[in-house]
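This report concerns only the one structure given below.
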């Protein structure tokens, strides 16, 4: 199953897994308009940098498909593109995908936009699957080497959800895990709960369980202890934006895991597609915008009790909360970057050697 697809009976309808209900219910939501797509991204019905990008591309398709007859096509297109870009500020894949599809449409007449955007969005979705699979193949080489060295099950720690639910399929950080498990390499995954939205507990644990991969859910602050006790062999996480110098923005709490890994000499890898690089930024801490979300995500937890959905407040009603969605891990703490082209060090020279075409534009 994939995370997003065109309704086979009606190509004007885009369908998604509404991830707010996992792992308790598999809810399929239908998106009819670009406004629906924007809401799905902003309210995290879909989430994960690659999936956000593909969803936004389908949003542009729905926008031009249902463009008002009296609208100025080019102004309308730019307005819808801007609206989509503003839904989530940190994940660069969102801006990348919207710019890709808009620039493509501008090469055609408005009468051709619906057809062109449909095929372009579909192509981005298919490319994401191939990209994630290749990330998996490259990461698999690391896990093979580690298994041959250890000759026992590999203990992997991951943070948040950089799985197939955050992409179209396979995932980024999880792709090497799936391929290793399918190859017969014994692995065990430590899954951070990832407060406050608990994407590790809700999504990654569900994914791994569906695939049969042994895993254990831990509270966010347990990772350091596990590393100190030698119970973690490698960390693999995803990224929402990575600078050309190798600084990585990922779900809040990633930086603390990287610090613990560095202190305990545990390799810390980041798996990402090339679309997650921001080729314009060098200083991630200073330049990457960090999304601040509603404080209610910190105050409340959501779940089910015998099938009845509800929320419970954790904090005093008079207490204010801060809810930074992401942090930045400096390149000095990153062992390497796993991309669809291969693995490189987290520095500008190594990144550009892997993507030499980017040297020409600098």
Residue within the stretch 317-328 that is surrounded by 18 or more Cβ atoms within 10 Å (Cβ to Cβ) and in contact with a helix residue (DSSP H, G or I) (Cβ under 7 Å, 6 or more places away or on another chain) present: yes
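Okay, residues lined up against (1) under 17 Å from the mean Cα position of the chain (by Cα); (2) surrounded by 14 or more Cβ atoms within 10 Å (Cβ to Cβ); (3) assigned to a loop (DSSP other than H, G, I, E, B):
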residue: 5; (1), (2), (3): no, yes, no
residue: 40; (1), (2), (3): yes, yes, no
residue: 61; (1), (2), (3): no, yes, no
residue: 78; (1), (2), (3): no, no, no
All positions within the stretch 86-120 that are without any contact (Cβ under 8 Å) to a residue 24 or more places away in the chain and either part of a helix (DSSP H, G or I) or in the same structural domain as residue 272 (by TED's automatic domain parsing) (or both): 95, 99, 103, 104, 111, 112, 115, 116, 119
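Let's see how each residue does on (1) without any contact (Cβ under 8 Å) to a residue 12 or more places away in the chain; (2) under 22 Å from residue 218 (Cα atoms); (3) not in a helix (DSSP H, G or I):
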position: 129; (1), (2), (3): no, no, no
position: 135; (1), (2), (3): no, no, no
position: 140; (1), (2), (3): no, no, no
position: 148; (1), (2), (3): yes, no, no
position: 155; (1), (2), (3): no, yes, yes
position: 161; (1), (2), (3): no, yes, yes
position: 168; (1), (2), (3): no, no, yes
position: 173; (1), (2), (3): no, yes, yes
position: 178; (1), (2), (3): no, yes, no
Among the residues of the stretch 22-32 satisfying the criterion of being touching a residue at least 60 places away in the same chain (Cβ under 8 Å) and under 20 Å from the mean Cα position of the chain (by Cα), which is surrounded by the fewest Cβ atoms within 10 Å (Cβ to Cβ)? 23
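Just checking, how many residues over the stretch 340-352 are closer than 13 Å to residue 246 by Cβ and either part of a loop (DSSP other than H, G, I, E, B) or in contact with a strand residue (DSSP E or B) (Cβ under 7 Å, 6 or more places away or on another chain) (or both)? Can you show your working first?
In the first step, residues of the stretch 340-352 are kept if they are closer than 13 Å to residue 246 by Cβ; the result is 343-352.
Filter once more, keeping what is either part of a loop (DSSP other than H, G, I, E, B) or in contact with a strand residue (DSSP E or B) (Cβ under 7 Å, 6 or more places away or on another chain) (or both): 343-347, 350-351.
Within the stretch 340-352, residues that are closer than 13 Å to residue 246 by Cβ and either part of a loop (DSSP other than H, G, I, E, B) or in contact with a strand residue (DSSP E or B) (Cβ under 7 Å, 6 or more places away or on another chain) (or both) number 7.
What about residue 104, is it in contact with a helix residue (DSSP H, G or I) (Cβ under 9 Å, 6 or more places away or on another chain), exposed (fewer than 14 other Cβ atoms within 10 Å of the Cβ) and either on the phi < 0 side of the Ramachandran plot or modelled with pLDDT of 95 or more (or both)?
Working: in contact with a helix residue (DSSP H, G or I) (Cβ under 9 Å, 6 or more places away or on another chain): yes; exposed (fewer than 14 other Cβ atoms within 10 Å of the Cβ): no; either on the phi < 0 side of the Ramachandran plot or modelled with pLDDT of 95 or more (or both): yes.
Taking the combined requirement at face value, the residue does not satisfy it.
The values are calculated or read from the model by the stated rules, or taken from the named source; none is laboratory data. Owing to the predicted nature of the structure, the values given are computational and were not obtained by experimental measurement. Note: ideal-geometry Cβ built from the backbone for every residue, glycine included; neighbour counts use all protein chains shown.
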